[in-house]
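Notes to accompany the following structure.
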Amino acid sequence: MPPQNLSLILTLLLLISTATTATATATTAAGVPLSFKEAPKFYNSQNCPSAHDICSDNAVHVAMTLDAAYLRGSMAAILSVLQHSSCPENIRFHFVASASAHTDNIHVIISTSFPYLRYNVYTFDDTAVLGLISTSIRSALDCPLNYARNYLADLLPTCVKKVVYLDSDLVLVDDISKLAATPSDQKVLAAPEYCNANFTSYFTPTFWSNPSLSVTFSDRNACYFNTGVMVIDLVRWREGDYTTKIIEWMELQKRMRIYELGSLPPFLLVFAGKIAPVDHRWNQHGLGGDNFEGLCRDLHPGPVSLLHWSGKGKPWDRLDGNRACPLDALWAPYDLLQTSSVLEA
């Protein structure tokens, strides 16, 4: 590991606060009980503007999904956002949970660990996408809640004009307001692009051999981007009815298989080559390894503002199994799980 990465690890570990002892409980999808500590309270700096109302222009809106399998990761992500924000009281969280989940329990868990948090919980109707999901290379990618990001413009209040969407397997080590302030360049989405990735591999030979389909990218400099970190202009999304555009590609996929990898390809089909650029520091992705073995990976070259364990391997699973990767040490200090719960499980 390069010396600058070792220095980064030591610096970040020193920055992290110790959580207090109040607990909230939940269970995983397998029924294993989890108990979460209460996080410290974080206060605005003196120069922060007021943003008490959900419709305030000074509010920073963050959207995430919540489910049992990734709840531990979500709690760590929330803590990391708050800890590194200069105006944490101005952050408004929007949590989307499956309609089949017990949202009352989610409220209790969030409000117990983050009693000061400003947030809303929205229920997502799984049946809206069940008939549109095609099987992919990893079963976790087929979860209906993965597709909730397609419907944020419908779920969130119309006064919310911009939202930062975050996956549950990441932590921030920088102020999220910097990411939220990304210039939109009149685009619907902003995200880091990775033009060195093999873009063609996300679509099947059926897609590329059909001129009426492959022409989709003929006038674009289409590059891969990761949908786990996006800044979404909800006003433009609503005006362009982009939910319908994504659904149309998913409906075509059910008739003729044109892609392989879960909820990502429809976003690429609609937005690749048409997004506002974001510095790569805001999505150091792939730390979970590939989708088959989940092998350890190092950081990408360059500065780091957000670490993302996309891929099969999740830091909490590897830490619990005593097979942690070196970079999992950067996630561990944000873990709000009560240690005794792991031992008892």
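The values are calculated or read from the model by the stated rules, or taken from the named source; none is laboratory data. This is a predicted model, so every value here is computed, not measured. Counting neighbours? That spans all protein chains shown, and the Cβs are built from the backbone with ideal geometry, glycine included. Only protein heavy atoms, including side chains, enter the accessible area calculation; ligands, DNA and RNA are left aside. Shrake-Rupley method; radii C 1.70, N 1.55, O 1.52, S 1.80 Å.
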Kirkwood hydrodynamic radius (C-alpha pairs) into Stokes-Einstein, segment 200-345, 37 °C and 0.692 mPa s, D in µm²/s: 184 µm²/s
Label-to-label distance, nm, for residues given as residue 86 and residue 108 (7 Å Cα→Cβ offset): 4.0 nm
Radius of gyration and maximum dimension Dmax of the chain, Cα, Å: 19.6, 60
Separation in nanometres of the label points that stand 7 Å from Cα toward Cβ, at residue 120 and residue 295: 4.5 nm
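As an exercise, identify the GluC sites (Glu not before Pro) in segment 238-340 lying in DSSP coil whose Cβ has no more than 12 other Cβ atoms within 10 Å. Intermediate results must be reported in sequence, preceding the final value.
Working: sites: 239, 248, 251, 260, 293; in loops: 260, 293.
Within segment 238-340, the qualifying GluC sites (Glu not before Pro) (loop, at most 12 other Cβ atoms within 10 Å) are 293.
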Folded to 0 to 90 degrees: helix 242-255 orientation relative to the chain principal axis, Cα: 60 degrees
Phi-based couplings in Hz for segment 189-203 (Karplus 6.51, -1.76, 1.60; Gly and Pro marked x): 10, 10, 6, x, 9, 10, 7, 8, 6, 7, 4, 5, 5, 7, 10
Selected from 292, 192, 180, residue furthest toward positive end of dipole (the chain; charges at beta carbon): 192
Share, in percent, of DSSP beta bridges within the chain that are antiparallel, nearest 5: 50 percent
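For residue 198 and residue 38 in the same chain, what is the full-extension length gain: residue separation times 0.36 nm, less their Cα-Cα distance, in nm? Intermediate values should be presented prior to the final figure.
Working: separation 160, 0.36 × 160 = 57.60 nm, distance 4.29 nm.
Result: 53.3 nm gained on full extension.
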Folded to 0 to 90 degrees: helix 3-15 orientation relative to the chain principal axis, Cα: 50 degrees
Probe 1.4 Å, accessible area per residue of segment 57-167, Å²: 34 Å²
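Treat every Asp and Glu Cβ in segment 136-210 as -1 and every Lys and Arg Cβ as +1, leave all other atoms uncharged, and give the resulting dipole magnitude about the Cα centre to the nearest 20 debye.
Working: 6 positive and 8 negative charges, 37 e Å.
Dipole size: approximately 180 debye.
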At q = 0.23 Å⁻¹, base-10 log of I(q)/I(0) for segment 36-100 (Debye sum, equal scatterers on each alpha carbon): -1.04
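Roughly how big is the chain's charge dipole about its Cα centre, with Cβ charges of +1 (Lys, Arg) and -1 (Asp, Glu), in debye to the nearest 20? Please list the in-between numbers first.
On the way: 25 positive and 32 negative charges, 59 e Å.
In debye, rounded to 20, the chain gives about 280.
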Cα coordinate range in segment 114-240, projected on the principal axes (Å, largest first): 54, 35, 32
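Where nothing but the Cβ of Lys and Arg (+1) and of Asp and Glu (-1) is charged, how large is the charge dipole of segment 92-201 around its Cα centre, in debye to the nearest 20? Write out the running numbers ahead of the final one.
Values: 8 positive and 11 negative charges, 62 e Å.
That gives a dipole near 300 debye.
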Surface share of carbon and sulfur [accessible, 1.4 angstrom probe, percent] for the chain: 52 percent
